[in-house]
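Following: one structure in C-alpha cells, then a few remarks.
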Amino acid sequence: HAHSHIMFLGWIFNALYIAYTMHYIPEKEQRPFKVLFLLLQAFLIPMMVSFPLQGYGLFSIVFSTLHTVTAIAFVIIFFRKSKGVNTISTWYAKASLIFFLISTAGPFSLGYLMSAGLGQGQWYYFSIYYYLHFQYNGFFLFGVFSLFFHLLERKQVLQDYKNAIRIGRWMAISCVPAYLLSVLWAKPALAINFTAGVAAGVQVYALWFLISFFKQRAIRQSMHAYSFPFLVAAFLAFVLKLFLQLLSAHPDIAQFAFEFRPIVIAYIHLVLIAVISLPILIWYMEMDFMNRSLGTKALTLFLISFCFTQFFLIGQPWWAKFQPGPFFNSSQLIFLFSLPLSFSCFFFFWAAVINKGGKKYVSFDSAEKT
C-alpha cells in the first residue's frame, strides 16, 4: 500500500498536477494551486510512514482522505480556472480528472468495509481494484494522452483532430465496463467475462486511431531524435497492455493471472512504468525541463532495468526449477536489476537541476486558447 500510494500520488499525480497547472492555468492565477500543492505534500509524507507500519489503519486512512479531499479541491478549481482553454490536450486533461473523481469512491468505501469487518473479503479487494483501475486506466492514461497532444499542439503538427477525439471517446466509453476485467478472479458469470472482453476489444479498436499519428511523417520529424525511440517503446508497451487485457477476459487466463501474483505485479508495472511513467519523463525532457544528454542516458538505463525486472518477475513461478545456484534466486535478481531503476531516477533529478528546472520555458501560452 505504501509503495502504490507513493507511486500514484507522490510521482504520477504530482507530475500531472504540475504539468496541468503550468500549461492550462495563466501564471497570475496559479497561486491557489501552489498552496494546494504544498498541502498535498504535507499529507503525503505521513502516508509514507503510516502505510508501512499499519497498512490501512487510522492514520493512513486519515491522511489519504485529507489528500483526496485536497485533490478534489484542485480538480474543482482547475475546471473553473481553465474554462477559456479549449484544446484537444485540455479535453484529455479534464477527462483524466473526471476519472480521478470516479476513482475516489474506492478508498472512501474502504473505511466502511474495515469498520464492518469486511477488511479481507471480496468487496475489500473489489474496492482496491476499483481505485487502481480508474487511476491507471483513467486518470493516468488520459493524463499521458493530454501531455502527448499538448506536445503536438505546441509543435503545431496536430492536424488530425477527428482521430484525436475518437481515441479519447472510445477509451472513455470502454473505461467503465473495463473495470470488470479486474474482478474476473472472483469467477463471476460468463456474461461478465463477455462484457469485459467487449470493453477490452473497444480499446483495441481505439488503438488503430492512435496508430495513425505515428504514421504521420510531420509528427515523427517534430520529435527530437533522442526521445522518439523511447516514445515508440512506450507505444509498444501500450499495445501489449491492450492485448493482454483482451486475453485476460478468458476465464482460464484470468484465473491463471490471479493464481500467479507475480504476473499481476508485472502487468501493473508494465502500465505504470512503461505506459505511464516513460511518456511523462519524455514529455518533461521534450519541454526542456531536463538536460537532454543526461536525460537520454537516464531513460536508457530506466528502460533496460525495467525490461530485466519484468523478465525475472514474470519468470518467478518457474525460475526455481532452472536457477543456476543458491545465490541467484528470482527475488535477488529482481532486487539487483531494480537498483539501476532507482539510480536512473537520481539522474533524472540531476538532469533537471542542470537545466534549472526548465526556467527557460514560458509557463503559459495564450495562443493555446484558440
Find the centroid of the Cα atoms in segment 333-350 and in segment 28-87, then give the distance between the two in whole Å. 27 Å
Of all accessible surface on the chain at a 1.4 Å probe, what whole percent is carbon and sulfur? 71 percent
Considering only the other residues whose Cβ falls under 13 Å of the Cβ of ALA234, what net charge follows from Lys and Arg at +1 and Asp and Glu at -1? 0
Considering only protein heavy atoms, what per residue accessible area in square angstrom results for the chain with a 1.4 angstrom probe? 48 Å²
Once you treat every alpha carbon in segment 1-153 as an equal point and sum by Debye, what is log10 I(q)/I(0) at q = 0.16, 0.18, 0.20 Å⁻¹? -0.87, -1.06, -1.26
Return the Cα extents of segment 88-141 along principal axes one, two and three, sorted largest first, each rounded to a whole Å. 45, 14, 9
May I ask you to rank TRP283, TRP350 by accessible area, largest first, using a 1.4 Å probe over the protein chains only? TRP350, TRP283
What FRET efficiency comes out for THR65 versus VAL239 if R0 is 41 angstrom and r is the Cβ-Cβ distance? Round to the nearest 0.05. 0.65
Note down the nm distance, to one decimal, between modelled labels 7 Å out along Cα→Cβ at GLU27 and at PHE194. 5.8 nm
Relative contact order in percent for the chain (Cα pairs under 8 Å, 6+ apart) equals 16 percent
Per-selection Rg to Rh, segment 220-282 - Cα, Kirkwood hydrodynamic radius: 1.12
Normalised by the number of residues in segment 210-348, what is the relative contact order in percent for Cα pairs under 8 Å and 6+ residues apart? 25 percent
At a threshold of 8 angstrom on Cα-Cα distance, excluding pairs fewer than six apart, so keeping six or more, what relative contact order does segment 129-261 reach in percent? 30 percent
Give the average over all directions of the projected area of the C-alpha convex hull of segment 1-85, one decimal, in nm². 5.1 nm²
Is the shape of the chain rounded, prolate or oblate, going by the alpha carbon gyration tensor and its root eigenvalues a ≥ b ≥ c, with a/c under 1.5 for rounded and a/b larger than b/c for prolate? rounded
Cut-off 12 Å, label 7 Å out along Cα→Cβ of TYR125, residues of segment 174-189 by amide N: 182-188
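The values are calculated or read from the model by the stated rules, or taken from the named source; none is laboratory data. The structure displayed is predicted, hence computed values, not measured ones. Methodologically, a virtual Cβ is constructed for each residue, glycine included, from the backbone with ideal geometry; neighbour enumeration extends over all protein chains shown. Just the protein is used for accessible areas: all its heavy atoms, side chains included, with ligands, DNA and RNA removed. Shrake-Rupley method; radii C 1.70, N 1.55, O 1.52, S 1.80 Å.
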